[in-house]
Amino acid sequence: MTRWVLHVDLDQFIAAVEVLRRPELAGRAVIVGGAGDPTQRAVVATASYEAREYGVASGMPMRTAAKRCPDAVFLPSDHTAYEEVSAQVMAALRGLDVVVEVLGWDEAFLGVESDDPDRPGLDDPEALARRVQAAVLAATRLSCSVGIGDNKLRAKLATGFAKPAGVFRLTVANWFAVMGERPTDALWGIGRKTARKLAELGLHTVRELATADPAELGQRLGPAMGPWYVQLARGLDRSPVVGTPYVPRSRSREITFQADLTDWAQVRAEVAVLARRVAADVRDDGRPVARVAVKVRFAPFWTHTRSRTLDAPTTDEAALEAAALEVLERFEHDRSIRLLGVRGEFADG
């Protein structure tokens with residue numbers, strides 16, 4: 001049985017869609033986020049490669065982005081447009097003889113597995129990757145990067161080496177040559193906080209983590225997570241590429257305030273509004289919510305999320321609102337708030 005996994009990632013997807021709609025912006029620094037006004041509170045949804053050269057990154061406050069790249073073109077987010085183009089991309093991928101697992105607007109895993117040696121792509125995954133790029137370009141005029149791996153983890157990481165618009169293969173054969181001396185947070189699934197914990201244990205690189213004792217790390221970081229981190233560092237991943245349609249695991253709404261909220265009664269009122277909007281989205285989906293989360297960003301930029309599991313899955317507006325307000329009370333009441341969010345997590349997610 002021959003098996004390849006390809007990870008397809010659209011290059012600067014949101015910015016690229018905007019440039020397609022406004023060709024005169026090609027080659028310019030483009031920053032997309034919020035209402036497109038850098039004087040208002042919002043965060044960067046994406047930035048073109050030209051803007052990234054100035055240090056602009058997704059999740060950065062728009063005001064900070066404007067300071068770093070004052071000559072950039074700022075545009076509002078247009079979710080409907082991105083969803084339409086994303087649907088075209090995924091349709092193009094499904095037109096190939098592969099299994100497609102959608103991860104979001106701009107990325108997907110492709111699985112090729114067969115005992116037929118004559119099946120296209122099995123003996124030359126790079127050729128298959130180029131077919132993928134050609135199909136996406138023909139359907140949408142967008143470029144994509146393709147990572148090739150012998151599992152999903154390696155394919156996902158390979159894409160980072162392929163950008164922009166390239167192809168890169170990462171397998172057991174070159175895993176440690178490519179990844180061994182990189183920091184642990186270069187791995188998909190390890191963030192900065194976990195990397196700091198690992199560093200405190202003397203594990204700074206992927207190679208060091210890969211040679212760690214899983215049982216000992218389990219005692220330090222948890223019986224499940226410790227051994228899992230070692231597996232990541234060894235490039236191990238047995239999860240299959242699943243060709244089921246992408247189904248959101250949750251629905252959420254959030255709002256960034258142009259002036260900090262300091263009145264707790266107003267904070268409660270805003271959370272209630274957000275919860276009702278989430279409830280409307282949930283009813284449209286026809287799927288009950290099992291868990292409700294509330295996100296609070298305190299000034300200047302500290303973000304915390306808390307949640308609770310409902311007694312029973314529901315789509316009831318009053319129940320979701322009550323749960324959100326109950327979770328809200330777990331936060332401090334005496335700090336200025338710049339952003340609020342409510343998320344409903346589906347029971348079948």
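The values are calculated or read from the model by the stated rules, or taken from the named source; none is laboratory data. The shown structure was predicted, so the numbers you read here are calculated from the model rather than taken from an experiment. Using ideal geometry, Cβ is built from the backbone for each residue, glycine included, and neighbour counts are taken over all protein chains shown.
Just a yes or no: is a residue in segment 87-108 polar (S, T, N, Q), more than 29 Å from N151 (Cα to Cα) and either surrounded by fewer than 17 Cβ atoms within 10 Å (Cβ to Cβ) or without any contact (Cβ under 8 Å) to a residue 40 or more places away in the chain (or both)?
Of the residues in segment 87-108, the ones polar (S, T, N, Q) are 88.
Those left that are additionally more than 29 Å from N151 (Cα to Cα): none.
Within segment 87-108 (the criterion being polar (S, T, N, Q), more than 29 Å from N151 (Cα to Cα) and either surrounded by fewer than 17 Cβ atoms within 10 Å (Cβ to Cβ) or without any contact (Cβ under 8 Å) to a residue 40 or more places away in the chain (or both)), the answer is no, since none of the residues qualifies.
It is to be established whether one or more residues within segment 274-285 are without any contact (Cβ under 8 Å) to a residue 24 or more places away in the chain and in a strand (DSSP E or B). Full working, then the answer.
Just the residues of segment 274-285 that are without any contact (Cβ under 8 Å) to a residue 24 or more places away in the chain, to begin with: 284.
Imposing the further condition that a residue be in a strand (DSSP E or B) reduces the set to none.
Taking every residue of segment 274-285 in turn, none turns out to be without any contact (Cβ under 8 Å) to a residue 24 or more places away in the chain and in a strand (DSSP E or B).
Against the conditions (1) closer than 30 Å to Y49 by Cα; (2) within 23 Å of the chain's Cα centre (by Cα), where does Q231 fall short? Just the number, please.
That leaves (1) as the condition not met.
How many residues does segment 109-121 hold that are surrounded by fewer than 19 Cβ atoms within 10 Å (Cβ to Cβ) and modelled with pLDDT under 90? Break it down stepwise before answering.
So the first thing to find is which residues in segment 109-121 are surrounded by fewer than 19 Cβ atoms within 10 Å (Cβ to Cβ), and the list is 111, 113-120.
Those left that are additionally modelled with pLDDT under 90: 113-120.
Count: 8.
Could you say which residue among V278, V267, V282 is within 23 Å of the chain's Cα centre (by Cα), farther than 30 Å from N174 by Cα and either assigned by TED's automatic domain parsing to the domain that holds V206 or at pLDDT 95 or above (or both)? Give the derivation first.
On the way: V267 fails: within 23 Å of the chain's Cα centre (by Cα); V282 fails: either assigned by TED's automatic domain parsing to the domain that holds V206 or at pLDDT 95 or above (or both).
Going through V278, V267, V282 in turn, the sole match is V278.
Among the strands (runs of 3 or more DSSP E) contained in segment 1-108, which hold 1 or more residues that are over 17 Å from the mean Cα position of the chain (by Cα) and over 24 Å from A127 (Cβ atoms)?
On the way: elements: 2-10, 30-32, 73-75, 99-102.
Qualifying strands (runs of 3 or more DSSP E): 30-32, 73-75.
Out of all the residues in segment 212-223, which are in contact (Cβ under 8 Å) with a residue 12 or more places away in the chain and surrounded by 13 or more Cβ atoms within 10 Å (Cβ to Cβ)?
Scanning segment 212-223 gives A212, P214, L217, R220, L221.
Looking at (1) at pLDDT below 95; (2) of a type in the set (K, R); (3) closer than 30 Å to A129 by Cα, can you tell me which one R52 breaks?
Against the list (1) at pLDDT below 95; (2) of a type in the set (K, R); (3) closer than 30 Å to A129 by Cα, R52 comes up short only on (1).
Taking interchain pairs and intrachain pairs at least six residues apart, which have beta carbon atoms under 8 angstrom, with the first residue in segment 150-165 and in contact (Cβ under 8 Å) with a residue 12 or more places away in the chain and the second assigned to a helix (DSSP H, G or I)?
Once the first residue is in contact (Cβ under 8 Å) with a residue 12 or more places away in the chain and sits in segment 150-165, its partners that are assigned to a helix (DSSP H, G or I) give L153/L232; R154/W175; L157/M179; L157/A186; F161/V178; P164/Y49; A165/Q133.
With the checklist (1) more than 30 Å from P61 (Cα to Cα); (2) surrounded by fewer than 18 Cβ atoms within 10 Å (Cβ to Cβ); (3) of a type outside the set (A, V, I, L, M, F, W, C) in hand, flag the one item Y229 doesn't pass.
For Y229, the failing item is (2).
If you take the residues of segment 149-175 that are hydrophobic (A, V, I, L, M, F, W, C) and assigned to a loop (DSSP other than H, G, I, E, B), which of them is surrounded by the fewest Cβ atoms within 10 Å (Cβ to Cβ)? Quick ask: steps written out before the conclusion?
Applying the first criterion (hydrophobic (A, V, I, L, M, F, W, C)) to segment 149-175 yields 153, 155, 157-158, 161-162, 165, 167-168, 170, 172-173, 175.
Going one step further and asking which of them are assigned to a loop (DSSP other than H, G, I, E, B), we end up with 165, 172-173.
Details: A165: 13, V172: 13, A173: 10.
This residue is A173.
Tally the residues that are crowded, with 16+ Cβ neighbours inside 10 Å, out of contact with any Pro (no Cβ under 8 Å at 6 or more places or on another chain) and in a helix (DSSP H, G or I), restricting the search to segment 187-196.
Number satisfying all stated conditions: 1.
Any idea which of (1) part of a helix (DSSP H, G or I); (2) in the same structural domain as E84 (by TED's automatic domain parsing); (3) surrounded by fewer than 18 Cβ atoms within 10 Å (Cβ to Cβ) is the one V136 doesn't satisfy?
(3)
Quick one: which of V241, V271, V267, V230 is of a type outside the set (G, A, S) and out of contact with any strand residue (DSSP E or B) (no Cβ under 9 Å at 6 or more places or on another chain)?
Numbers: V241 fails: out of contact with any strand residue (DSSP E or B) (no Cβ under 9 Å at 6 or more places or on another chain); V271 fails: out of contact with any strand residue (DSSP E or B) (no Cβ under 9 Å at 6 or more places or on another chain); V267 fails: out of contact with any strand residue (DSSP E or B) (no Cβ under 9 Å at 6 or more places or on another chain).
The unique qualifying residue is V230.
As an exercise: evaluate L6 against (1) within 27 Å of T140 (Cβ to Cβ); (2) outside the structural domain of G111 (by TED's automatic domain parsing); (3) touching a residue at least 24 places away in the same chain (Cβ under 8 Å) and give the number of the one condition it does not meet.
(2)
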